[in-house]
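Heads up: the structure comes next, in structure tokens.
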Amino acid sequence: MNFWHDFFENENPIHIEVGMGKGRFIIDMAKLHPEINYIGIEKYSSVLVRAIEKQTIEQLPNLVFIRMDAEAIENVFEKDEVAYIYLNFSDPWPKDRHARRRLTSVQFLNRYVNFLAADGGLTFKTDNRPLFDFAIEELEPAGWKAQVITYDLHNDAALMEGNVMTEYEEKFSSVGNPICKYIIYR
Ligand code: SAM
């Protein structure tokens, strides 16, 4: 046992979403997969409070939130503790000098390695093509490999199977923006 398995009082796999915003995705995932423990991480209370309001009604035993800046994420999880990481519509930080703040940067990929299980994976969705291109370029220097890459998720029937929409995904796909997605592993 370790901290998070003690916390959830079971040995179920732990999946996390970094930058969960108002929580629609992770709440829907926790409802769909009661056999998985979900931890949502969000920097700002102003959006996190919306997720907490929903969880107060839903009372899902397999879902918890942490308000923190993910720059310190290595302090929260132990080696091999997390089975899967979700990044959805992460902030683009468009200026080059802020590239290391992007949740798909080499710097963040290196942080995830400290606690993602060796057979674990990471999924990233965005409608921001320059951010997606950057994310793909970061894979090789960080030592990660792509299992799936699509530039138009919503027109790929196989990849759409079981797709759970995020707040931003709903908003941007409804105005016609193609949604990019990768699934990567180490
Ligand atoms: N994932 C949600 C979705 O797809 O609807 C929200 C997307 S929103 C554009 C990005 C969220 O990530 C924001 O709520 C932001 O506060 C959060 N975020 C960005 N950088 C973060 C960091 N370093 N640590 C924690 N949360 C972060």
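The values are calculated or read from the model by the stated rules, or taken from the named source; none is laboratory data. Computed from a prediction, not measured in an experiment: that's the story for all the values here. As a convention, Cβ positions derive from the backbone with ideal geometry for all residues, glycine included, and neighbour counts pool all protein chains shown. These accessible areas exclude ligands, DNA and RNA; they are computed on the full protein's heavy atoms, side chains included. Shrake-Rupley method; radii C 1.70, N 1.55, O 1.52, S 1.80 Å.
Any chance you could count how many residues in the stretch 1-29 are farther than 11 Å from Asn88 by Cβ, open to solvent by 50 Å² or more (accessible area, probe 1.4 Å), within 14 Å of the ligand (Cβ to nearest atom) and touching a helix residue (DSSP H, G or I) at 6+ places or on another chain (Cβ under 8 Å)?
1
From (1) more than 12 Å from the ligand (Cβ to nearest atom); (2) under 16 Å from the mean Cα position of the chain (by Cα); (3) within 29 Å of Val175 (Cα to Cα), pick out the condition that doesn't hold for Pro94.
Condition not satisfied by Pro94: (2).
Go through the stretch 152-163 residue by residue and tally those that are over 22 Å from Phe108 (Cβ atoms), surrounded by 13 or more Cβ atoms within 10 Å (Cβ to Cβ) and touching a residue at least 24 places away in the same chain (Cβ under 8 Å).
Result for the stretch 152-163: 1.
Select from the stretch 127-151 the residues that are under 18 Å from Val106 (Cα atoms) and of a type in the set (Asp, Glu) and write down the one among them that is least open to solvent (accessible area, probe 1.4 Å).
Glu138
Would you be able to say whether some residue in the stretch 118-126 is part of a strand (DSSP E or B) and open to solvent by 30 Å² or more (accessible area, probe 1.4 Å)? It would help to see each step written out before you state the result.
Just the residues of the stretch 118-126 that are part of a strand (DSSP E or B), to begin with: 118-126.
From the residues that got through so far, the ones that are open to solvent by 30 Å² or more (accessible area, probe 1.4 Å) too are 118-119.
Within the stretch 118-126, one or more residues are part of a strand (DSSP E or B) and open to solvent by 30 Å² or more (accessible area, probe 1.4 Å).
Only one of (1) within 26 Å of Ser173 (Cα to Cα); (2) touching a Ser or Thr at 6+ places or on another chain (Cβ under 8 Å); (3) open to solvent by 70 Å² or more (accessible area, probe 1.4 Å) fails for Thr104. Which number is that?
Of (1) within 26 Å of Ser173 (Cα to Cα); (2) touching a Ser or Thr at 6+ places or on another chain (Cβ under 8 Å); (3) open to solvent by 70 Å² or more (accessible area, probe 1.4 Å), only one is false for Thr104: (3).
Here's a check for you: in the stretch 107-117, which residue that is open to solvent by less than 10 Å² (accessible area, probe 1.4 Å) and in a helix (DSSP H, G or I) is nearest to the ligand (Cβ to nearest atom)? Please lay out each step first, then the result.
Here is the first cut: in the stretch 107-117, the residues open to solvent by less than 10 Å² (accessible area, probe 1.4 Å) are 108-109, 112, 115-116.
Subsequent filtering for residues that are in a helix (DSSP H, G or I) retains 108-109, 112.
Details: Phe108: 8, Leu109: 14, Tyr112: 13 Å.
Among them, the one singled out is Phe108.
Identify, please: which residue in the stretch 135-186 is polar (S, T, N, Q) and within 16 Å of the ligand (Cβ to nearest atom) and is, among those, farthest from Leu103 (Cα to Cα)? Walk me through it before giving the result.
Going through the stretch 135-186, the residues polar (S, T, N, Q) turn out to be 147, 150, 155, 163, 166, 173-174, 177.
From what is left, the residues that are within 16 Å of the ligand (Cβ to nearest atom) are 163, 166, 173-174, 177.
Values: Asn163: 21, Thr166: 17, Ser173: 21, Ser174: 24, Asn177: 21 Å.
In this case the residue turns out to be Ser174.
Taking the stretch 83-101, which residues are assigned to a strand (DSSP E or B), aliphatic (A, V, I, L, M) and either open to solvent by 40 Å² or more (accessible area, probe 1.4 Å) or touching a helix residue (DSSP H, G or I) at 6+ places or on another chain (Cβ under 8 Å) (or both)?
Hit for the stretch 83-101 is Ile85, nothing else.
Can you tell me how many residues within the stretch 127-151 are assigned to a strand (DSSP E or B) and among the aliphatic types (A, V, I, L, M)? Before the answer, list the steps.
Pass one, the stretch 127-151, residues assigned to a strand (DSSP E or B): 145-150.
Of the ones still in play, those that are also among the aliphatic types (A, V, I, L, M) are 146, 148-149.
Total satisfying the criteria: 3.
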